[in-house]
Amino acid sequence: MFDPISLIIGITMNIYTLDNMDFFHQRSTNNKTMNCRWEYVGKKKPNPQNPSLTTPFFGNVYYQQHCVEKEK
């Protein structure tokens, strides 16, 4: 049958991905049209005006992505 640990890990990863799907889609779009880098900003609460990738357990932001448009 199925290993229960594998099922728990799989379900957890699927829920995490579905909850943060907009982040992963935006990151993919940015990689095609922009040069992006992650910068450490320290332990901060997420900006409510700007959707951020947060985990349901911790709710803090440590890195922010800064992007500049690629030259054509």
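Since every read-out is calculated from the coordinates, none of them should be taken as a lab result. Predicted, not measured: the structure shown is a model, and the values here were computed from it. Note: ideal-geometry Cβ built from the backbone for every residue, glycine included; neighbour counts use all protein chains shown.
Sorted by packing (mean other beta-carbon atoms within 10 Å per residue), highest first, where do 61-67, 17-23 land? Let's see the in-between values first.
Details: 61-67: 14.0, 17-23: 11.9.
Listed from highest to lowest mean packing, they are 61-67, 17-23.
For a quick check: with amide H placed at 1.01 Å from N, whose amide H comes under 5 Å from ASN60's, ignoring anything fewer than 5 positions away on the same chain?
Here the answer is THR55, since their amide H atoms fall under 5 Å of that of ASN60.
Show me, for the range 22-37, the HN-Hα J-couplings you get by feeding each phi into the Karplus relation (A = 6.51, B = -1.76, C = 1.60, θ = phi - 60°), rounded to Hz, glycine and proline as x.
5, 5, 5, 5, 5, 4, 5, 5, 4, 5, 7, 10, 9, 9, 10, 9
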